[in-house]
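Below is one structure, written out as structure tokens, with a few remarks after it.
All of the numbers you see were taken from the coordinates with simple rules; none came from a lab. Just so it is clear, the structure is predicted and the values come from calculations on it, not from any experiment. Using ideal geometry, Cβ is built from the backbone for each residue, glycine included, and neighbour counts are taken over all protein chains shown.
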Amino acid sequence: MIRLPPHGRGLRVGLFGGSFDPPHEGHLHVARMALTRLKLDRLWWLVTPGNPLKDHSRLTPLPERLAAARAMARDPRIVVTDIEGQAGFGFTVETLRFLRARCPGVRFVWIMGGDGLANLHRWRGWREIAALAPFAVIDRPGETLRAKASPAARALAGRRLPEECASRLALARPPAWVYLHGPRSPLSSTEIRRSEGRRSD
């Protein structure tokens, strides 16, 4: 049985996925920005077994990354969970299908950074992902132009909401998305690993 965080019909829940190896203050910044700007009730921090687009043979074990993310979260609205690890999911589209079926009435919003949008067209079933849940893109240093010019951004340009409508994104019928600008964190898990002498991917 997959253990889900508490939820209920009508609740606005952000889904913030990643390997978080390691989690850092930049991740917390993104989570809090999403909670505030999107008027979310909760944010589920989804610590994944590994990114299918990256080599994760030397990834820190999932239990250690979960514990580190929980120590980092420090906000009662944020719940750190390993749903994808419990279910054996390797792709976001599987996670969204499952959550839509298991949690009817919950208003999920997928949260990603600008680098995620830049590569979204490479994700398995990315068009279905966009059709399953509205998504918010948090601007990241050095990614703004690449993200906005990406194949997925161009394909979904007609479904993009003005930034001032971000608080209504959770109520929008997908596909719908918004690009959020604001203070940006330069922190990167890749750079942290590199500084620790670990592999960058």
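Where a ≥ b ≥ c are the square roots of the eigenvalues of the C-alpha gyration tensor, would you call region 113-165 rounded, which needs a/c under 1.5, or, failing that, prolate if a/b is larger than b/c, or oblate?
oblate
Among Val137, Gly114, Val47, whose Cα lies farthest out toward the positive end of the dipole of region 8-142, if unit charges sit on the beta carbon of Lys, Arg (+1) and Asp, Glu (-1)?
Val137
Is the C-alpha gyration tensor of region 12-195 telling us rounded, prolate or oblate? Criteria: a/c under 1.5 is rounded; beyond that, a/b larger than b/c is prolate, otherwise oblate.
rounded
Nothing charged except the Cβ atoms of Lys and Arg (+1) and of Asp and Glu (-1): what's the magnitude of the dipole of the chain about its Cα centre? Round to the nearest 20 debye.
Dipole of the chain, to the nearest 20 debye: 540 debye.
Take the alpha-carbon centre of region 145-185, take the same for region 71-117, and report the distance between them in whole Å.
Using only Cα atoms to place each centre, the spacing works out to 18 Å.
For region 1-121, just say rounded, prolate or oblate: build the C-alpha gyration tensor, square-root its eigenvalues into a ≥ b ≥ c, call rounded for a/c under 1.5, and beyond that prolate if a/b exceeds b/c, oblate if not.
rounded
Return the calculated 222 nm mean residue ellipticity for the chain, to the nearest 500 deg cm²/dmol, obtained by summing -39500 (n - 2.57) across DSSP H runs with n ≥ 4 and dividing by the residue count.
It comes out at -9500 deg cm²/dmol, rounded to the nearest 500.
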